[in-house]
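Structure first, commentary second.
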Amino acid sequence: MYSTMKVPTFNPSAPDGFTINEPAKVLTKLQRFAQAGAGHTYFLFDFDRTLTTSKHTGDNTTTWEIMHGLLPLEGQKTNNAIRDKYLSLESAGLLSSEDSHRWLSSQLDLHKMHGTSAQNIKRAAKAVRLRDGSREVFDACSEAHIPTVILSAGIRDIIELIMAEHSIHPSELLSVKLQFASNGRIIGWDKDSTVLANNKRETVKQQLSHITAARPYVVLIGDTTDDARMVDGDDTVLRVRVWDPQEGERSDAYLKQSFKAGYDMVVDEDLSPLAPLISWLNGVRG
């Protein structure tokens, strides 16, 4: 049903570096995107495990894992208990929006109580490398004047530090924003900036209308099955999943899960195959 295609340059009939579900359907979609043109397209990225990878960062792959490592041992134990409680609900498909808010609040209140500092956050963020090819993708979008949006249920402050370290500047970054006291300790967060794993679609509708109204076509890049639902639509959404399987998960099972969730393509750990796609959408034919 799906096939792995390897060719030296971007060819919509056989894109290099992607494993594709229903190639004929994806080809039709790619042609529709090309006809619309780069001026009607934007790129929407998740962040944790999409632009980061354990290949480079080990246990500090996500912004929440970075925050966890800054807590004292007592705080880490409490945080583990909080995470386990809500992960069990999520795994059972029982995690409500209210639960997600409580999960976020419990974790951030813990950092407020222990006084996690902006200085330590900055130091930890400097050690994070992005997934290979990330810089090339954002540079290609910039050259093609295609807006780039990062939509993350992680921590905006950490994402900003990591992106700045790699000289990457997304057009929009939507994620929870921390608040600090004059001494640099966390005292809270901006409630209006809250992004949860299960409210991303609503966030796009509410906060990105200035982009989506003029650019109805979106290339969506995520790592979880839930990320595939960050935006509505089929013909106007090209869904690309980044290879980030759980330990012991087989490639055939991962691909089957990806395509069942609605992804059109799966790209390997390296994001560089996306750069030729961007040039092609911008009318640069290899």
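The values are calculated or read from the model by the stated rules, or taken from the named source; none is laboratory data. Here the structure is a predicted model, which is why all the values come from computation and not from measurement. Virtual Cβ from ideal backbone geometry, glycine too; neighbours counted across all protein chains shown. In case anyone asks, the SASA skips ligands and DNA or RNA and just uses the protein heavy atoms, side chains included. Shrake-Rupley method; radii C 1.70, N 1.55, O 1.52, S 1.80 Å.
Give the label of the value calculated from the structure for Cα extents along the principal axes in Å, choosing from (i) 55, 37, 33; (ii) 52, 41, 39; (iii) 50, 45, 40. Structure-derived value, by its label: (i). In the context of the full set of protein chains, residues of the chain present 47 Å² of accessible surface per residue (probe radius 1.4 Å, heavy atoms only). Relative contact order, whole percent, for the chain stands at 26, derived from Cα pairs under 8 Å and 6 or more residues apart.
Packing-based ranking of 33-39, 250-256 yields 33-39, 250-256, ordered from highest to lowest mean Cβ neighbour count within 10 Å. Packing-based ranking of 219-231, 189-201, 74-86 yields 219-231, 189-201, 74-86, ordered from highest to lowest mean Cβ neighbour count within 10 Å. Each Lys and Arg Cβ is given +1 and each Asp and Glu Cβ -1; about its Cα centre, the chain then shows a dipole of about 260 debye. Taking other residues whose beta carbon is less than 13 angstrom from the beta carbon of residue 133, and scoring Lys, Arg as +1 and Asp, Glu as -1, yields -3. At what distance in angstrom do the alpha carbon centres of the stretch 171-202 and the stretch 7-56 lie from each other? Computed from Cα coordinates, the inter-centre distance equals 29 Å. Model label points for residue 251 and residue 91, set 7 angstrom from Cα along the Cα-to-Cβ axis, are 2.7 nm apart. Electrostatic bookkeeping for residue 143 treats Lys and Arg as +1 and Asp and Glu as -1; over the other residues with beta carbon under 14 Å from its beta carbon, the sum is -1. Annotation for the stretch 125-163 versus the stretch 244-286: alpha-carbon center distance of 17 Å. For the pair residue 269 and residue 198, a Förster radius of 25 Å applied to the C-beta separation gives a FRET efficiency near 0.40, rounded to the nearest 0.05.
Result for the chain in a Gaussian network model with C-alpha springs under 10 Å: among 157, 99, 264, the largest mean-square fluctuation is at 99.
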